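Each remark here refers to the structure printed beneath this line.
The values are calculated or read from the model by the stated rules, or taken from the named source; none is laboratory data. The model shown is predicted, which means the values in this text are computed figures rather than measured ones. Cβ coordinates were reconstructed from backbone atoms using ideal geometry, including for glycine residues, and neighbour counts include every protein chain displayed. For the accessible areas, the whole protein counts, side chains as well, though only heavy atoms, and no ligand, DNA or RNA atoms are used. Shrake-Rupley method; radii C 1.70, N 1.55, O 1.52, S 1.80 Å.
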Amino acid sequence: IALSAGNRSTSVDLSMNIPPLLGSAPFAQGMEAGFQHVGQQLGQGELMSYHVGAGTREDRAAAVQWLAPMLGTVGTDQVVICPGAQTALCALILARTQPGELIAAEQLTYPGLLAAARVLQRGVVPVAMDAEGMLPEALEEACQLRRPRLLYLVPTIQNPTTATMSAQRRQALLAVAKRHDLTVIEDDPYWLLAGDAAPPLAAHRDAGCPVYYISTLSKCLAPGLRTAYLVVPAGEPMEPVLDALRAIALMPTQSMVAVASQWIRSGQAQDMVQRFQQELRERQAIAARYLPTRAQAHPAGLHVWLPLPPRLDQYRLIQAAQEQGLGIASSDAFSVEEPPPGNAIRLSLGGAVDQGALAGALAKLNEILSEAPEARHNAIV
Ligand SMILES: Cc1ncc(COP(=O)(O)O)c(C=O)c1O
């Protein structure tokens, strides 16, 4: 079995949320066609120069086309081309908060937010969640007690729990955000894959609070494109975000952004999303066959969240899986609090090279789970 990325020691790596089929022939052909198109522009010299600012008119127009299913009509001048969602997230934290200020997030959340907050010296306030994600009443309480400035949400196929918010939940959270003057960062990498999610919070033009929307291409197309689209809400200043981006990354890799734009303009990007969606549906069906029924997933999601029995030792489980060449992610990585609120693992289904490799890996995991070591308590005296 080929390694899914880099030179990791595991033979099937289900620890990283990457799209499936990155090594497939149709994907490689699509990349080649994109590079060929971009190569034709090399003679003009522009492509390999500095591109500081929000992005070229052509790239911002492609972004608007990509964003239309999520947000409807977006002004080209509201869009900033960023080198990935992680960079956009850091830029927003820098632009909208001061060191020491707080960010409210679900108690289990995307580890990149935790890393950014730690490095930038902002605190994260954990907010309780249920099967739909963040609870509005828990956010209300957190606002009263801790006064966060930012609210970070992944409302569709949340990473890691796979929770997707109903339209009502989105509205209720917006109402709390408005009441407490919060700025919202809506990080939405999975909306197109889900295919059935309620409109993003940023699609509500009358939200009453600023909602910054981030749509990365990392999960629907490829992380190596390092292209994400940030939508700055109408009426909010662009300069602080651009200043922060300039300080962090100066600019995205223009050749990759140009490939992404070409894919979107030609319709290839949208075709690829459909292909990935179908593949993920089949992979999720395989996962449902091998994993216990308590596993949580969206039918077209990239990952599965598997709560473990409280007495099962997740570290020994992860170690046993590693010894069998299987990479999985521990719930600790996602937890705002110490200790984490529960015992669970996240399984990413895109990392296996094909469905056979995935089935083999999950069968192995199933076997390890059935023999899994329970935490032993020494006699208490
Ligand atoms: C919620 C969320 N945001 C951002 C990212 C990273 O995106 P990018 O590769 O564009 O930095 C991920 C990747 O797992 C994610 O799940």
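See the values below:
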item: Candidates A202, A163 - the one that is within 16 Å of the ligand (Cβ to nearest atom) and either open to solvent by less than 10 Å² (accessible area, probe 1.4 Å) or of a type in the set (D, E) (or both); result: A163
item: Selection within the range 219-255 - hydrophobic (A, V, I, L, M, F, W, C), open to solvent by less than 50 Å² (accessible area, probe 1.4 Å) and within 15 Å of the ligand (Cβ to nearest atom); result: C220, L221, A222, L225, A228, L230, V231, L245, A249
item: Near pairs, Cβ below 8 angstrom, 6+ apart or cross-chain, from the range 183-197 (over 19 Å from L221 (Cβ atoms) and touching a residue at least 40 places away in the same chain (Cβ under 8 Å)) to any residue that is open to solvent by less than 10 Å² (accessible area, probe 1.4 Å) and within 10 Å of the ligand (Cβ to nearest atom); result: I185/L89; I185/Y152; I185/L153; I185/I214
item: From L145, L102, residue being open to solvent by less than 40 Å² (accessible area, probe 1.4 Å) and either at negative phi or within 16 Å of the ligand (Cβ to nearest atom) (or both); result: L102
item: Of all residues in the range 74-90 being touching a strand residue (DSSP E or B) at 6+ places or on another chain (Cβ under 7 Å) and not in a strand (DSSP E or B), the one that is surrounded by the most Cβ atoms within 10 Å (Cβ to Cβ); result: A88
item: So Q168, is it among the polar types (S, T, N, Q), open to solvent by 30 Å² or more (accessible area, probe 1.4 Å) and away from the ligand (no atom under 15 Å from the Cβ); result: yes
item: Per-region count, the range 257-276, residues within 21 Å of P223 (Cβ to Cβ) and open to solvent by less than 40 Å² (accessible area, probe 1.4 Å); result: 12
item: Residues of the range 247-276 that turn out to be over 17 Å from G34 (Cα atoms) and either in a helix (DSSP H, G or I) or of a type in the set (V, I, T) (or both), as a count; result: 6
item: Qualifying positions in the range 344-381 - surrounded by fewer than 13 Cβ atoms within 10 Å (Cβ to Cβ) and modelled with pLDDT under 90; result: S370, E371, E374, R376, H377, N378, A379, I380, V381
item: Residue list for the range 44-73, filter: aliphatic (A, V, I, L, M), farther than 25 Å from A197 by Cα and part of a helix (DSSP H, G or I); result: L47, M48
item: Positions within the range 105-119 being more than 8 Å from the ligand (Cβ to nearest atom) and closer than 23 Å to A54 by Cα, in sequence order; result: A116
item: Of all residues in the range 277-311 being open to solvent by less than 10 Å² (accessible area, probe 1.4 Å) and assigned to a strand (DSSP E or B), the one that is farthest from N343 (Cα to Cα); result: H303
